[in-house]
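Asks: Below is a structure I'd like to ask you about.
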Amino acid sequence: MNHTDTAKYRLPKGTSGTGAYELDVTPESAGWGHSGLGIVNLGPGETHTLNTGEAEFLVLPLEGGCTVTVGDHVFELAGRSGVFAAATDFAYVPRGAQALISSAAGGRFALPSALTERALPARYGPRENVPVELRGAGACSRQVNNYCLPGTFEADQLLVCEVLTPGGNWSSYPPHKHDAVRTDADGTPVESELEEIYYFEVSGGPDGFAYQRVYGTEDRPLDVLAEVRSGDTVLIPHGWHGPSIAAPGYDLYYLNVMAGPGQDRAWLICDDPAHGWVRDTWASQDVDDRLPFGEQR
């Protein structure tokens, strides 16, 4: 296989920025309908003005802290020293708002977004309220920071989490998909339709690397096998995605941003039937003792 879609859906660092944005994925640039992600670098004392338009946003520190001012609301984000150090606090900025992001010491900030028709209040998300989950076991052990998912933080369409994978482990595994609304024979929903963005950082400086696999179904072909390094992004419009493979010696981080049509804001996935059995092996294995990362220990 020649992985013909890799060049289309892998965005190497520095190739998809505009203006103040190191990365600027919009529904228009991605060729889909709902989810987006910007990465903004601010030097000490610099500011950035975010006009949300028809989308809701998070301001999520990757490195450093900032002040987010939305109308009469002022949110002081302590942030973190880096993505492997700790989960972070964050701010929610609604549709139709303007936010001023200022950073006294400078930093890097992710701006996940989703198109929405409903404006919710601007709010602060404390770090201590972010559920930190250890998922899988053995070589499939990983950590998930569940920032903005159903049941963890209210939004209209936006879903955001982070996954941290120790070097040598596999995450986003078994491969799964969420590209169609499906129910079982009893009418219970079993899959939702969500576009997804993976933004990667890898430990070990420029030598750190990992791999991301995405592949389609018979009726909707897709074929991506991407080597990724810090600052790279992979777009997942549909199809099975996984594994995300952390090379031995290099820990892997990725930020997941999801949104789709409909108003139920559900994250329902289906495993690839060829590999779903792997979940059954975890009961007899221990969670990797390198988890959780950093200050979460």
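The values are calculated or read from the model by the stated rules, or taken from the named source; none is laboratory data. As the structure is a prediction and not an experimental result, all values here were calculated from the model. Here the Cβ positions follow ideal geometry from the backbone for every residue, glycine too, while neighbour counts run over all protein chains shown. Calculation scope for accessible area: heavy atoms of the full protein, side chains included, ligands and nucleic acids excluded. Shrake-Rupley method; radii C 1.70, N 1.55, O 1.52, S 1.80 Å.
Asks: Taking 0.36 nm per residue of sequence separation and subtracting the Cα-Cα distance, how much length would be gained by fully extending the chain between residue 283 and residue 129, in nm to one decimal?
Replies: Residue separation times 0.36 nm, minus the Cα-Cα distance, leaves 52.7 nm.
Asks: Give or take rounding to whole Å, what are the principal axis extents of the alpha carbon atoms in the range 8-61, in descending order?
Replies: Here the spans come out as 36, 26, 18 Å, largest first.
Asks: So, with +1 on the Cβ of K and R and -1 on the Cβ of D and E, and no other charges, what is the size of the charge dipole of the chain about its Cα centre, to the nearest 20 debye?
Replies: 460 debye
Asks: At R0 = 25 Å, how high is the FRET efficiency between residue 4 and residue 181 if r is their beta carbon distance? Nearest 0.05 is fine.
Replies: 0.35
Asks: What's the long-distance tail for the range 121-205, i.e. % of Cα pairs beyond 20 Å?
Replies: More than 20 Å apart: 50 percent of the Cα pairs in the range 121-205.
Asks: Here's another thing I want to ask about it. Average projected area of the Cα convex hull of the range 1-145, in nm²?
Replies: Average of the hull's projected areas for the range 1-145 equals 10.8 nm².
Asks: Oh, and also: For the range 198-242, compute Rh as the Kirkwood radius over C-alpha pairs and then the Stokes-Einstein diffusion coefficient at 10 °C and 1.306 mPa s; write the answer in µm²/s, rounded to an integer.
Replies: Result for D is 141 µm²/s.
Asks: Using only the Cα atoms of the range 18-98, what do you get for the radius of gyration and for Dmax, in Å?
Replies: Final numbers for Rg and Dmax: 13.2, 35 Å.
Asks: Over the chain, with a Gaussian network built from C-alpha contacts below 10 Å, which listed residue (168, 125, 260) shows the highest mean-square fluctuation?
Replies: Top of the fluctuation ranking is 168.
Asks: Divide, for the range 83-156, the radius of gyration over alpha carbons by 2.2 N^0.38 Å, where N is the residue count.
Replies: Taking N as the residue count of the range 83-156, the ratio is 1.31.
Asks: If you don't mind, there's one more thing I want to ask. Please report the projected area of the range 142-297's Cα convex hull averaged over all directions, in nm².
Replies: Averaging across all directions leaves 10.4 nm² for the Cα convex hull.
Asks: Can you give the extra length, in nm with one decimal, that the chain gains between residue 26 and residue 227 once fully stretched, where that is 0.36 nm per residue apart less the Cα-Cα distance?
Replies: Between residue 26 and residue 227, full extension yields 70.1 nm more.
Asks: Still on this structure: Using a 1.4 angstrom probe on the protein heavy atoms only, could you order 117, 201, 191 from most to least accessible area?
Replies: Output order, biggest surface exposure first: 117, 201, 191.
Asks: For the range 48-87, list residues with backbone N below 18 Å from a point placed 7 Å from the Cα of residue 105 toward its Cβ?
Replies: 60-68, 75-87
Asks: Here is a further query. Taking every pair of alpha-carbon atoms in the chain, what share in percent sits in each 10 Å bin, from 0 to the bin with the longest distance?
Replies: 6, 28, 38, 22, 5, 0
Asks: Provide the solvent-accessible area of residue 288, counting protein heavy atoms only and rolling a 1.4 Å probe, rounded to the nearest 10 Å².
Replies: 20 Å²
Asks: So what's the net charge close to residue 270: Lys and Arg +1, Asp and Glu -1, counting the other residues with Cβ under 11 Å from its Cβ?
Replies: Once all neighbours under 11 Å are counted, the net charge is -3.
Asks: With each pseudo-label sitting 7 Å past Cα toward Cβ, what's the residue 51-residue 73 distance in nm, one decimal?
Replies: 2.0 nm
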